[in-house]
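Worksheet: one structure, shown below.
The values are calculated or read from the model by the stated rules, or taken from the named source; none is laboratory data. Note that this is a predicted model, so its numbers are computed, not measured. Quick reminder, even Gly has a Cβ in these numbers, built from the backbone with ideal geometry, and neighbours come from all protein chains shown.
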Amino acid sequence: MGKIAFLDLKQVNAPYMDSLKSAASAVVESGWYIRGSYVERFEKEFAAYSGYAHGVGVGNGLDALTLMLRASIELGRLAPGDEILVPANTYIATVLAVNAAGLVPVLVEPDEKTFNIDPTKLEAACSPKTRGILAVNLYGRLADMPAIWKFAEARGLLVFEDAAQSHGARFNSSAQSNAGAKSAAIKSAAVAYSFYPTKNLGALGDAGMVVTDDEELARVVRMLGNYGSEKKYVNRYRGVNSRLDEIQAAFLLAKLPHLDAWNERRREIAARYVREVCNPLLRLPEIPADPKEHVWHVFTLRTPDGKTRDALQKYLEARGVGTLIFYPIPPHRQQAYAASPEGDCALLPENPKFPIAESMAETVISIPVSQVLTDDEVSEIIGALNEFVC
């Protein structure tokens, strides 16, 4: 068998080439390329798909995170310098967005079983300046949002979600993020998505969206992404240029109807891995009691230590299996935060130590789980994993 790529985007998009070409042609022929009918349609359809009333397309996932936080400041719900609890095990964009909005990220260790922020550790991370929580649905698994909402409701905190990796994940096999809420008061204020090409629902370039039930918040996010303007040449806020292009919206509209089927195929592959990989050197992720809570953006397992992880990666490469590491350096160990100005970042106390997040960075490795994998390729990967020795 030939090489098995970690993710082959050409293969992912090939079955839909005719519809993608038609979408591109329709946009080009329309003569309207920014903030047009395709963006409007996709905003409505994806917001509804995600269980929210409003969607605002933006340039990318980082902007989606930043603008939903900035909008909350402009509306007086947050203030510059407020502390936001974020997971210690996440892509750095989560932390960058909090800083970019003028807020202070405070890291919270992850749950070892889920890789997501541990709700039992939220209390210890709080201070009088804590005003919100930004949960991340890492690797495609929903964070324990009911527990997070309950904690936030008791403390009067806002809750936001980074759903860049969890397109289509559902609580109780229902709406994406807020179906587990028992009252409107404990829904997430807003959820940020990325449609980077590698995502479960990926554009053919950069794209992002904020979804929310809050019409006023959506309005301010839209203005902030349009130079702070609602009416041309009249600028209420100091905004930025971050808008979803018509052509990317058209591509995403063509792909959205297939997302549930793609996610289901990923679940099938993940279930085979969990069921059939039996190498004692490998610690497999758990499947949630409700499988719909996970869309397996990546399938991440762990090794006993970094040496074993590195050996496994080299071994799989030799066997023709592509792998990636999400993520080799946790945010608090990045050079970008090596010498933060005072007040810039509370996630960096002197000599920061987040042992769980640091252990994950040393021991995680992700294997192919894309919907385009064949059953034979999955079997090949399982066989390679079971034959690994170190």
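Rundown of residues vs (1) in contact with a Phe, Trp or Tyr (Cβ under 7 Å, 6 or more places away or on another chain); (2) modelled with pLDDT of 95 or more; (3) surrounded by 18 or more Cβ atoms within 10 Å (Cβ to Cβ), yes/no style:
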site: Ala152; (1), (2), (3): no, yes, yes
site: Phe160; (1), (2), (3): no, yes, yes
site: Ser174; (1), (2), (3): no, no, no
site: Gly180; (1), (2), (3): yes, no, yes
site: Ala184; (1), (2), (3): no, no, no
site: Ala189; (1), (2), (3): yes, yes, yes
site: Gly202; (1), (2), (3): yes, yes, yes
site: Ala218; (1), (2), (3): no, yes, yes
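Residue count for the range 227-250 satisfying the condition of being more than 20 Å from the chain's Cα centre (by Cα) and either farther than 19 Å from Glu74 by Cα or without any contact (Cβ under 8 Å) to a residue 40 or more places away in the chain (or both): 16. The test for being touching a strand residue (DSSP E or B) at 6+ places or on another chain (Cβ under 8 Å) and of a type in the set (D, E, K, R) does not hold for Glu276.
The residue of the range 6-21 that is surrounded by the fewest Cβ atoms within 10 Å (Cβ to Cβ), among those that are over 22 Å from the mean Cα position of the chain (by Cα) and touching a residue at least 12 places away in the same chain (Cβ under 8 Å), is Gln11. Restricting attention to the range 231-252, the residues being in a helix (DSSP H, G or I) and over 16 Å from Val210 (Cα atoms) number 4. Scanning the range 200-226 for residues that are acidic (Asp, Glu) and either over 22 Å from the mean Cα position of the chain (by Cα) or over 18 Å from Ala254 (Cβ atoms) (or both) gives Asp213, Asp214, Glu215, Glu216.
Answer yes or no as to whether Met209 is at pLDDT 95 or above, crowded, with 20+ Cβ neighbours inside 10 Å, farther than 19 Å from Ile84 by Cβ and touching a Gly at 6+ places or on another chain (Cβ under 8 Å). Answer is yes for this residue.
For the range 272-296, the set of residues classified as in a helix (DSSP H, G or I) and touching a helix residue (DSSP H, G or I) at 6+ places or on another chain (Cβ under 8 Å) consists of Arg272, Tyr273, Glu276, Pro291, Lys292, Glu293, listed by residue number.
When Tyr52 is tested against (1) surrounded by 13 or more Cβ atoms within 10 Å (Cβ to Cβ); (2) closer than 18 Å to Tyr196 by Cβ, just one condition goes unmet, and that condition is (2).
Whenever a residue of the range 147-162 is part of a helix (DSSP H, G or I) and among the small types (Gly, Ala, Ser), its partners that are surrounded by fewer than 23 Cβ atoms within 10 Å (Cβ to Cβ) and at pLDDT below 95, lying with C-beta atoms within less than 7 angstrom and at least six residues away or across chains, give the pairs Ala152/Ile186. Of the residues making up the range 23-39, those that are over 9 Å from Ala250 (Cα atoms) and either aromatic (Phe, Trp, Tyr) or over 27 Å from the mean Cα position of the chain (by Cα) (or both) number 7. Do we have any residue at all in the range 139-146 that's over 18 Å from the mean Cα position of the chain (by Cα), crowded, with 20+ Cβ neighbours inside 10 Å and more than 21 Å from Thr212 (Cα to Cα)? No: the range 139-146 contains no residue that is over 18 Å from the mean Cα position of the chain (by Cα), crowded, with 20+ Cβ neighbours inside 10 Å and more than 21 Å from Thr212 (Cα to Cα).
Only a single criterion out of (1) surrounded by fewer than 24 Cβ atoms within 10 Å (Cβ to Cβ); (2) closer than 15 Å to Ala163 by Cβ; (3) among the β-branched types (Val, Ile, Thr) is not satisfied by Val28, namely (2).
Only one of Gly102, Gly81 is surrounded by fewer than 22 Cβ atoms within 10 Å (Cβ to Cβ) and touching a strand residue (DSSP E or B) at 6+ places or on another chain (Cβ under 7 Å). Can you tell me which?
None of the other options fit; the residue is Gly81.
The condition of being modelled with pLDDT of 95 or more and surrounded by fewer than 19 Cβ atoms within 10 Å (Cβ to Cβ) holds for only one of Ala357, Ala384, Ala289, Ala339, that being Ala289.
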